[in-house]
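First the structure, in the form of structure tokens, and then the observations on it.
None of the figures in this text is laboratory data; all of them are computed from the coordinates on show. This is a predicted model, so every value here is computed, not measured. In this analysis, Cβ positions are derived from the backbone assuming ideal geometry, glycine residues included, and neighbour counts consider all displayed protein chains.
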Amino acid sequence: MQSYHSDCLRPVQCQVQVNDDKFDLYAGGSSINPKLGYQQLFLAVMRDFPVLTNLSPYQDDRSVRPRDSGFRPERLYRLAEIAFFLGFNSDKISEILRWSTEAPPYKAATVNFLLQLQPPDRFHSSAESRAEVAHYVGQNLSTTPISRDSQEAPEFTTDLEMQPKKFRCNRPSNHNYLKDRNFLFLDIIFGIQPSPRSHATSLAVQRDIFVAFFGETNLQPAALDSPHLSVPDIPSGQLTSDVQIGGSINTEPIHDVRDESPGGGFLLNPSSPLSIDPARALDSPELGSYQFKTIDPRVRPSSRIAELLRAEGTIILYLWESRKYIQFTTEPAEKSIFMQASQSLANEQHMFIGVRHDSRPFLIPALRLYETALRERLILVGRKSTGTQVDDALRSRLSQGLYCFIDQNTPTEIE
């Protein structure tokens, strides 16, 4: 990693991943953030090593082909996303995130599936038709569930049988890998006291490999003061006072965030997350009638914006001073809605800023706003300042990175 941007994280809090799509906030000094971050990246690779490396789990049953094998770009993107979310950044992380935004993994997966289903040597099909199907998949992807919580409890010991020597010091078997993957998270690795039994399980072997590199870390659960935050029960283990659970961040898609209310104005249709109701949107030319969607206070703004931008053909106008946004699509029919909304914002003395890949911001003239939005997809909206250039103070804050800037510039009452 080239940098660890701890300044982008909330003060005296650590983020701990507890399943594929959810993080809990733990209170603690900022000095422990990098340590926990590296540990979680290590676990993320352990969970996905068959699709991130050239290694596969051992085949305990040669008649069953491993379900997870072969490189999958979407898991590499997810690893980069987790790294950035935990506070790490590098040129490679930025490149992967940018590449996935420009060419979403679902697009390649859909096209590959169509080519397998309808081989070009046997069927007449065009790249355009495959792209249309991929676009449809992207528009409807957020209406489907992403992850499933395990219904089993983690077991580090057993009285049934000893693990074969081959599986006690190396990669797990395919059968064990599929079970162990659900439990390779810090809150389970360090939060559960194993019950005394005759033999260690495969999960215990994976835990020992992990602890051999990083040592033990004790996590102490604590009661939450805020009624708006919830944390799942974590079995108690050895406890210390330096790290405590303080809240919950959910990185699941927008339809799973229950407190994110659309209000009036540009309404998102629940059955089609990219559609906008223009009749409700244009009740009044005044900005107040739009009532942008407000990001749930439990969710990092950068996480929500990144989630929205995964959908192909999405445009976001984001008001960084109020944690609000309007979501559009690149469909030509929505151009007039976009233009009227942006004109209303301009009339209310707002400016529009784009950010290049090298983090250099630039003011967007009104006449070029739509074409710039089609290219950049994310437009920052803020109160106008004097001059025709982005002022030095704002430029300095944006130089730390677009998503870091978004997380730093949030209303004080939600910090």
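For region 304-388, what is the percent of antiparallel DSSP beta bridges, rounded to the nearest 5?
Within region 304-388, antiparallel bridges account for around 75 percent of the total.
My understanding is that a pair violates if its Cα-Cα distance is over 29 Å; which of 92/165; 35/92; 22/293 do that in this structure?
Distance filter (> 29 Å) returns 92/165.
Hey, can you rank 42-50, 339-347, 292-300 by average C-beta count inside 10 Å, highest first?
Taking the mean over residues of other Cβ atoms within 10 Å, the ranking is 292-300, 42-50, 339-347.
Residues with amide H under 5 Å of residue 321's amide H, sequence separation 5 or more or different chain, H placed in the peptide plane at 1.01 Å from N; which?
The list, which skips near neighbours in sequence, is empty: none.
Once phi is turned into ³J(HN,Hα) by the Karplus curve 6.51 cos²θ - 1.76 cosθ + 1.60 with θ = phi - 60°, what whole-Hz value does each residue of region 184-191 show in order, with x for glycine and proline?
Once rounded to whole Hz, the list reads 8, 9, 4, 5, 8, 4, 9, x.
Which FRET efficiency value, to the nearest 0.05, do you get for residue 216 and residue 135 by plugging their Cβ-Cβ distance into 1/(1 + (r/R0)^6) with R0 = 51 Å? Display every interim value, and only then the final one.
Values: r = 49 Å, r/R0 = 0.95.
My answer for the efficiency is 0.55.
Would you grab the residues whose amide H sits under 5 Å from the one on residue 378? Only those 5+ places off in sequence or on another chain, please, with H modelled 1.01 Å from N.
Under 5 Å from the amide H of residue 378: 316.
For residue 350, which sequence-distant residues (separation of 5 or more, or a different chain) have an amide H within less than 5 Å of its own amide H, given hydrogens modelled in the peptide plane?
Here 384 satisfy the definition.
What Kirkwood hydrodynamic radius, in Å, does region 288-407 give when the mean of 1/r is taken over all pairs of distinct Cα atoms and then inverted?
Hydrodynamic radius (Kirkwood, Cα only) of region 288-407 equals 14.6 Å.
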